[in-house]
Amino acid sequence: MTKRPALLTLALWLIPLAFLAFFFYQPLVAIFRLVFSERFSQGWELFAWSQVSKPLNFTFLQAFLSTILTLVVGLPAAWLFAKFDFPGRKILRTISLLPFILPTVVVAAAFNTLIGPQGWINQALMALFNLSVPPLKLLNSLPAILLAHVFYNTSIIVRIVSSSWSRLNPRLEHAARLLGATPWQAFTKVTLPLLLPSLLSASLLVFLFDFTSFGVVLMLGGPQFSTIEVEIYNQAMNRFNLPVAGLLSVIQLGITLLVTLLQNRVNTPRYGKAALNPEKSALSRPARRWQKVFVVFMVISLILLFAVPVLSLITRSFVTLEADRGQRGEVMVGFTLRYYRELFQNRSGSIFYVPPIQAIRNSLLYSGVTILIAGLLGILTAYAMARRARFNKFLEPLFMLPLGASAVTLGLGFLLIFNRPPWANSTFPLLIPIAHSLIALPFVVRTMLPAIRSIPESLREASRSLGANPLQVLLKVDLPILLRSLLVSLVFVFTISLGEFGASSFLSNPHAPTIPVAIYRYISQPGALNYGQALAMSSLLLLVCGLGSLLIEKIRLPGEELF
Amino acid sequence: MLEVQNLTKDYENKPLLKGVSFEVAKGELVCLLGSSGSGKSTILRIIAGLEEPESGAVLWEGQDLRDVPTHKRGFGLMFQDYALFPHKTIAQNIAFGLQLQGMKEEEISRRVKDSLESIRMQSFADRPVTELSGGEQQRVALARALAPSPKLLMLDEPLGALDHTLRTQLILELRAILHQSQIPVIYVTHDREEAFGLADRLVILHDGVILQQGTPQELFEQPQTAWVAEFLGLGNLVPGVVTQSKPLTIKTAFGELKVDIQPHQFTLGQKCQLLLRPEDALIGTQYSARENHVECLVRDSLFMGEYHQLELLCGETMLFARSQIPAKIGSRLEVSWPAEKIRGFPG
């Protein structure tokens, strides 16, 4: 673009680097310093190794189990979408990809309305058998956590594995069949080894998400189950034991980085074009009996898995199920808009009471600012990465690291560094949007980078030779081409910010919560109205994120992936 | 040995095969010849059991294969893109079918060694297949298909992806290997040179039906339809109308031609096509006393080695003829096609 390309590239890097150094690496360093320098100070006297090993063991256990279960559901689903054509295929695929974009609190609330004490199943059983207490204690259990994780991450397996499966040359399997392999042998000896890279990569990604799961475990696991993430939160926010929280963060970060590196390693394509289908892959209608049975079974299972929790949440937010305390078993069932109406009413009771509309206003404001910050930084970073400069190789990993650091770690780091004026949250309202921007930044870069790289330099040269100045080139060549990807990434940033819970739970001012923080607060308080309001807010959040996800699916280019 | 009976198959709701029947005898190499999209590969896939026909049957030694799954048919198929397993070495690719037969390890390695020797790639055994050139891949794919000694070998455009020089060389190699193996072969191609160079018998597929089958010589000498004659590139096809039935006389754009042999009965006023082979053309004034002589303008004369290819303009019609001596471009020539050498087809 200019005569000194390296200099311009450096200039592009400058602002994102400075931002990252100040708002990401500084807090990270603070955590490390806390852990390694105050080893013998107060916090450590009460330290017992079990404080680390217990949550660590549980985190590995649940992440391992969740990943296995997700594979059990996700692999047949990936096969279904890679090979078969059936009525409603497109809708089902969109539904199965939706959970990835849903905020954790919404998912947790949805499962609460299904299996919680005030949820459909328990309320139905109570009404049916005249019980006074919910009979099933499904909430606060390991199965609840696993179920929510399967709900969440099946979409990752479906996305990654079904796309590489549908690109696999079907003649490889046919060749195996002709050489005497049964369908099962052809699968295990040919298809499976060829799918292995994407299968491993997807599994590690799922493991990573399960490993760093926070909101789901906090809200569905209850006090006896705590993963590293939840334990960091507990140690920092409830016990004020920052050194232990920091140690957990460091361990967490180390493991996350290891898994990420491993994931990048297995993700590299091994066979080039040799395994790819030279023709456009054709979906086939299920022809044989077992295929029809399989398709019907999978469609029903996936609808059950994906639609039931969501529908449960939405319906429950419109229904009162209040048993009169005097008359055992007399349940008043009725349609109501009360929970939604109450969102907009100020019914202040306690000093911590914040009207829900206030939380909605906060969240929208934060999301708007996040879009600005993450959008601007993301574009600068993507442009810098798109340019050919020798130092890019060293700078790029610096920007992908925030993806590996969990939101809770980020929250903890912010808490350590920005706990005094002018940074304290009460005086500096930008702290939450900045945290959200750090979380969303890698997604913006990953969406924008391929789009920027796709613009041939000759287009810019042609328009310059036709008399366009650099600004005009940017506005008339780059911008129209990038518009789609920009829109995709900004909608994604919006939904990320709106639903972000981990960092916000650390940083939000008690008097100015975000929507997810308010949902968490309301749902854990007794009373049907609180519960109902949490569900109403969750449903609204679900609606916005669902629309955002649909919008992204509509405008994103084929092959553009968000992770 | 193999009998294909009346296969029909639809593709995207349009009929692709409209009743295809043919047979393959023991040790016979049958070439299935047809233009691309004619459904040749689909026939192979149906025989292999990878696809099911809408109707019709595939029989092996009289037994209907309808309920025999692909892996139990014992047929080999070499795919157009070879479909070598990219996660396996060359030796492992060849050993794949043998392992599935439950053969002992020593026996497998001995057979793989022999197999690699027959395609002259002994030193390549442990290389990944992704490093091979097109011709090498083709040889490995053939070796892999032959290794488990299939009852029938099918090859789907095996030379399709290769360049011309390599093809001519490989046709000879392939012929040697296939004839040595004594296995019946169905060889699918759209290339008539390949087909004529290899086939014991040719089966010509067009528009979902078999137009003609026979030895290369039969097809060459007695094409049954104008399409077959044109597809095989047998010579000039000239449209005309029957003006007299005895002797059969046909009026063309450049004059009336007498025709002695014809596979079909013609009626007066019927439209038809005539095949005038370039090699049958008699050139020179010494033949002007004979029937069917035309005066032409020499547009071009090309030296082809054993003969000169003349491009002649007769009235508005362009005709090709072979000549032992070159002709001067722009000069006029007398050409005649003897009545007993012309073939006529209706349509």
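Taking every Cα-Cα distance in the range A:456-539 and sorting them into 5 Å bins from zero, the calculated P(r) comes out as 3, 13, 15, 12, 10, 7, 6, 7, 7, 7, 6, 4, 2, 1 percent. Protein heavy-atom surface of the range A:468-563, 1.4 angstrom probe: 72% of the accessible area is carbon and sulfur, with nucleic acids and ligands not counted. Springs join every pair of Cα atoms under 10 Å in this Gaussian network model of chain B, and among B:162, B:153, B:44 the largest mean-square fluctuation is at B:162. Shown in residue order for the range A:462-468 are the 3J(HN,Hα) couplings computed by the Karplus curve 6.51 cos²θ - 1.76 cosθ + 1.60 at θ = phi - 60°: 4, 6, 5, 5, 8, x, 7 Hz (x for Gly and Pro).
Other residues within the sphere of radius under 14 Å centred on the Cβ of residue A:121, judged by their own Cβ, net out at +2 (K and R +1, D and E -1). Between chain B and chain A, the total buried accessible area stands at approximately 2100 Å², from heavy atoms with a 1.4 Å probe.
Solvent-accessible area of the range B:2-227 (1.4 angstrom probe, protein heavy atoms only): carbon and sulfur portion equals 46 percent. Take chain A and mark each of the GluC sites (Glu not before Pro) that is in a DSSP loop with at most 16 other Cβ atoms within 10 Å; the longest unmarked stretch, sites excluded, is A:46-278. What is the sum of charges around residue A:252, taking Lys and Arg as +1, Asp and Glu as -1, for the other residues whose C-beta is under 11 Å from the C-beta of residue A:252? Counting the neighbours of residue A:252, the net charge comes to -2.
Computed on the Cα atoms alone, the convex hull of chain B gives a volume of 168 cubic angstrom per residue. Summing charges over neighbours of residue A:152, with a neighbour being any other residue whose Cβ is under 14 Å away from its Cβ, gives 0 when K and R count +1 and D and E count -1. Near the amide H of residue B:281, within less than 5 Å, lie the amide hydrogens of B:322, all on another chain or at least 5 residues away, with H placed in the peptide plane.
For the range B:306-318, backbone phi angles converted through the Karplus equation (6.51, -1.76, 1.60; θ = phi - 60°) give residue-by-residue couplings of 7, 8, 10, 8, 9, 9, 10, 10, 10, x, 9, 9, 9 Hz, Gly and Pro being listed as x. In the range A:175-201, the residues whose accessible area drops by at least 30 square angstrom when the other protein chains are added to the isolated chain are A:175, A:177, A:178, A:179, A:180, A:189, A:190; the probe is 1.4 Å and only protein heavy atoms count. In the range B:86-116, the residues whose accessible area drops by at least 40 square angstrom when the other protein chains are added to the isolated chain are B:86, B:87, B:96, B:100; the probe is 1.4 Å and only protein heavy atoms count. Surface calculation, 1.4 Å probe, protein heavy atoms: residue B:207 sits at approximately 100 Å² accessible.
Accessible area per residue for the protein assembly as shown, computed on protein heavy atoms with a 1.4 Å probe, is 47 Å². Each Cα pair under 8 Å and six or more residues apart adds its sequence gap; the mean of these over the residue count of chain A is a relative contact order of 22 percent. Per residue of B:149-156, other chain Cβ atoms within 10 Å of the residue Cβ number 1 on average. According to the Cα-based calculation, Rg over Rh for the range B:235-346 is 0.98, with Rh computed by the Kirkwood formula.
Think of the range B:2-227 as a dipole: +1 on every Lys or Arg Cβ, -1 on every Asp or Glu Cβ, centred on the Cα centre; then among B:202, B:65, B:35, B:65 lies furthest on the positive end. Out of every Cα-Cα pair that the range A:74-172 contains, those further apart than 21 angstrom amount to 50 percent. When +1 charges are put on Lys and Arg Cβ atoms and -1 charges on Asp and Glu Cβ atoms, the dipole computed for the protein assembly as shown relative to its Cα centre reaches about 2600 debye.
Going by accessible surface with a 1.4 Å probe and the largest first, A:290, B:60 read A:290, B:60. In sequence order, the range A:248-263 has phi-based couplings of 4, 4, 5, 4, 4, 5, x, 5, 4, 5, 4, 5, 5, 4, 4, 5 Hz under the Karplus curve 6.51 cos²θ - 1.76 cosθ + 1.60, θ = phi - 60°, and Gly or Pro positions carry x. Taking only the C-alpha atoms of the protein assembly as shown, Rg followed by Dmax gives 37.6, 126 Å. For chain A, the residue among A:548, A:508, A:78 whose Cα projects farthest onto the positive side of the dipole built from Cβ charges is A:78.
The values are calculated or read from the model by the stated rules, or taken from the named source; none is laboratory data. These numbers come from a predicted model, not from an experiment. A quick note on method: Cβ atoms are made from the backbone with ideal geometry, for glycine too, and the neighbour counts reach across all protein chains shown. Just the protein is used for accessible areas: all its heavy atoms, side chains included, with ligands, DNA and RNA removed. Shrake-Rupley method; radii C 1.70, N 1.55, O 1.52, S 1.80 Å.
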